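Asks: Below you'll find the structure I mean.
Any read-out appearing in this document is the output of simple, stated calculations on the displayed coordinates, not a laboratory observation. Nothing here was measured: the structure is a model prediction, and the numbers come from that model. We place every Cβ from the backbone using ideal geometry, glycine too, and count neighbours over all the protein chains shown.
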Amino acid sequence: MAAMLASHFISKSSYGKHGGVLDSEPRTFQNRRIPYLRNQSTAYHGLRSLNMVDLLQMRTSTKAASRLAKGASDHASRRPRAVVICGSGMNLIFVGAEVAPWSKTGGLGDVVGGLPPALAANGHRVMTISPRYDQYKDGWDTNVLLEIKVGDRTETVRFFHCYKRGVDRVFVDHPMFLEKVWGKTGGKIYGPVTGIDYQDNQLRFSLFCQAALEAPRVLNLNNSEHYSGPYGEDVVFIANDWHTALLPCYLKSMYKPHGIYKNAKVAFCIHNIAYQGRFAFSDFALLNLPDNFKSSFDFIDGYDKPVKGRKINWMKAGVLESDRVVTVSPYYAQELLSGKEKGVEMDNFLRTTGITGIVNGMDVLEWNPMTDKYISVNYDATTVMDAKPLNKEALQAEVGLPVDRNTPVIAFIGRLEEQKGPDILAAAIPEFIDENVQVIVLGTGKKHLERQLVDLEEMFPDNYRAIIKFSAPLAHQIMAGADILAIPSRFEPCGLIQLQGMRYGLPSMCTTTGGLADTVKEGFTGFHMGDFSVKCDVVDPADVKKVVTTVKRARASYGTPAFAKMIQNCMAQDLSWKEPAKKWEQLLLSLEVAGSEPGLDGEEIAPLAKQNVATP
Ligand SMILES: Nc1ncnc2c1ncn2[C@@H]1O[C@H](COP(=O)(O)OP(=O)(O)O[C@H]2O[C@H](CO)[C@@H](O)[C@H](O)[C@H]2O)[C@@H](O)[C@H]1O
């Protein structure tokens with residue numbers, strides 16, 4: 001309660017810069033946590049003046065009433081609040097280094113972008129928090145400032161906000177994000193070039209995690225008609241990947257011992273265990289955590305990078321200090337527990353905590369062949385067979401390949417990293433490519449892999465193209481115009497491109513790993529190639545052979561009634577976030593945060609959630 005009231009007191013400020021009404025001057029808070037508590041009494045008056053009879057008359061559920069009470073700063077009830085129509089659910093705070101469509105290097109951004117609106121549509125109150133990497137035209141300056149200790153410095157962050165599809169999108173502004181990235185979200189979020197990290201990533205994400213813990217308490221935004229005051233303390237944080245692994249640690253070290261966030265819980269979601277945040281052991285001092293957390297970070301591996309020997313491992317701490325560990329498909333969860341190799345040395349810890357796999361959904365608004373603005377001919381399941389050849393011709397013309405609707409087109413889309421197996425595909429292409437097939441690769445990533453794929457163009461100028469860029473329009477055109485999606489991933493926690501492909505009637509030929517095993521059915525919605533070696537430094541000839549034989553199988557099926565049926569099977573599925581959101585809801589409810597209630601059975605894009613569809 002104390003912290004909630006304190007939040008009220010400090011967050012009087014509101015939208016400013018972009019035309020909103022400014023309630024107060026921007027402030028800088030010295031010793032940020034202590035003054036809040038000192039001023040409780042001032043805040044208390046605010047709460048007392050909230051008229052409880054009015055609340056009851058609003059006929060909201062207890063939950064909604066308690067939410068409104070949390071937004072006590074709005075005691076004057078100057079206007080109706082969005083909360084009044086939102087009658088049940090939980091307070092959910094997603095924290096991620098990427099959030100699509102504002103920032104994205106891959107699937108992490110898609111999930112932090114797509115799952116929250118689905119949960120909001122079910123009546124939960126949902127916030128996402130991510131860094132502000134650019135001057136997002138729809139992100140309003142809240143004028144809420146916060147001082148945070150990072151390493152041995154004190155840094156000031158500022159929060160930006162917008163409300164889209166039922167979700168409060170909060171962006172943490174600091175030069176460590178904006179000045180480094182300047183909107184180049186495809187490539188520069190984590191380092192100057194792919195594969196090289198910023199030296200100060202630990203400080204960047206330490207700052208981010210601390211800011212994320214404050215946002216639900218301090219943001220009041222009383223000029224936003226959609227915002228019903230601070231989320232308060234009975235919240236569930238959903239931390240995503242290693243960049244957010246300090247969040248449960250700070251929650252336990254900085255808040256709970258002071259009686260703040262007493263009931264709050266953290267679910268930690270692993271999108272990709274290959275990135276764990278391993279750093280020199282001496283860097284623990286940078287994190288400003290008490291020594292009793294050292295054991296959760298302590299890690300020894302056989303690698304020399306970034307230093308030889310003893311290290312800290314952020315993801316290990318995130319796993320051990322959170323209340324629940326989740327990953328993005330049941331099969332990947334099994335793989336993570338299967339041993340050191342697929343568990344990337346985290347298997348032992350995950351066996352202790354347990355891990356739940358929930359398959360990702362996809363954003364069916366962004367990926368909809370009926371309304372897609374990037375493709376030549378829009379279509380649905382009834383018109384796909386007529387539209388595909390036309391979209392294929394447009395695609396061939398776009399990338400400069402001979403235009404021929406009868407030649408099957410195999411496509412690859414993805415980050416060019418060993419995980420995705422572009423090197424395996426590059427080794428297989430010379431063995432299967434001929435005048436009867438065209439191959440299109442779209443991706444960016446590690447330079448040596450980019451070069452390898454570009455070099456193949458000289459060998460096969462008439463039936464191969466490598467487009468080395470991050471291009472949403474071309475990705476959509478490929479989904480609409482290609483015939484088979486090649487996914488030769490060495491491992492794939494879930495994979496979104498196979499879902500996007502299926503929605504566009506594009507069957508995959510994929511490795512039998514992770515979410516690919518869970519979502520692509522052999523002979524029904526695609527072709528399985530079997531399990532590949534997870535060793536990233538070599539291309540196993542056996543895996544190359546699996547690609548070649550599967551291409552032959554897929555090509556033999558192409559143009560047959562069975563293939564047409566496969567296209568229909570792909571398109572008939574509900575691949576939206578609706579079902580995954582229900583599973584997430586069950587899991588988050590099981591954390592039993594005070595006041596949590598099941599949501600409504602809403603549509604993914606329910607009327608409420610439709611407001612302000614993101615168009616940054
Ligand atoms: N060059 C390009 N141009 C345009 N768009 C491009 C592109 N390259 C990739 N994309 C897009 O980026 C996304 C990639 O998502 P994936 O889930 O397939 O992989 P990723 O490995 O990034 O995600 C990780 O997190 C997600 C989310 O949990 C897991 O599904 C996945 O297995 C895990 O590795 C898709 O939306 C795809 O269309």
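Asks: Just rank S103, S557, fewest to most, by other beta-carbon atoms within 10 angstrom.
Replies: Going from least to most buried by this count: S557, S103.
Asks: Rounded to whole Å and sorted largest first, list the principal axis extents of the Cα atoms in the stretch 208-264.
Replies: Its Cα atoms span 33, 26, 15 Å along the three principal axes.
Asks: Taking the simple approach of a point 7 Å from Cα along Cα-to-Cβ for both S338 and D601, what is their distance in nm?
Replies: About 3.6 nm separates the two model spin labels.
Asks: Now a separate question. Based only on the alpha carbon positions, what is the Kirkwood hydrodynamic radius of the stretch 170-313, in angstrom?
Replies: Its Kirkwood hydrodynamic radius stands at 16.9 Å.
Asks: Ok, one more. Give me the lysines in straight-line cross-link reach of K137: C-alpha distance below 22 Å, same-chain residues under 8 apart excluded.
Replies: K17, K104, K164, K180, K184, K188, K373, K610
Asks: Just to confirm a number: summing +1 for Lys and Arg and -1 for Asp and Glu over residues other than V307 whose beta-carbon lies under 11 angstrom from that of V307, what do you get?
Replies: Every neighbour counted, the sum reads +2.
Asks: With 10 angstrom as the radius, rank S590, S329, S224 by how many other C-beta atoms surround their C-beta, starting from the fewest.
Replies: Going from least to most buried by this count: S590, S224, S329.
Asks: Binning at 5 angstrom from zero up to the longest distance, how are the C-alpha pair distances of the stretch 367-505 distributed in percent?
Replies: Values per bin, smallest distances first: 2, 11, 22, 23, 21, 13, 7, 1, 0.
Asks: Next up: How many percent of the alpha carbon pairs in the stretch 326-442 exceed a separation of 19 Å?
Replies: Here the long-distance tail beyond 19 Å is 66 percent of all Cα pairs in the stretch 326-442.
Asks: Can you give the extra length, in nm with one decimal, that the chain gains between E457 and Q586 once fully stretched, where that is 0.36 nm per residue apart less the Cα-Cα distance?
Replies: Gain on stretching E457 to Q586: 41.5 nm.
Asks: Would you compute, for the Cα atoms of the stretch 325-378, the largest minus smallest coordinate along each principal axis and list the three values in descending order, in whole Å?
Replies: 50, 18, 12
Asks: Just to confirm the filter: which trypsin sites (Lys or Arg not before Pro) across the stretch 336-373 are DSSP coil and have at most 12 other Cβ within 10 angstrom of their Cβ?
Replies: Sites meeting the loop and neighbour criteria: K340, K373.
Asks: Using a cut-off of 12 Å between alpha-carbon atoms, which aspartates and glutamates can reach K316, once sequence neighbours fewer than 8 places away in the same chain are excluded?
Replies: Cross-link targets: D241, D298, E345, D347.
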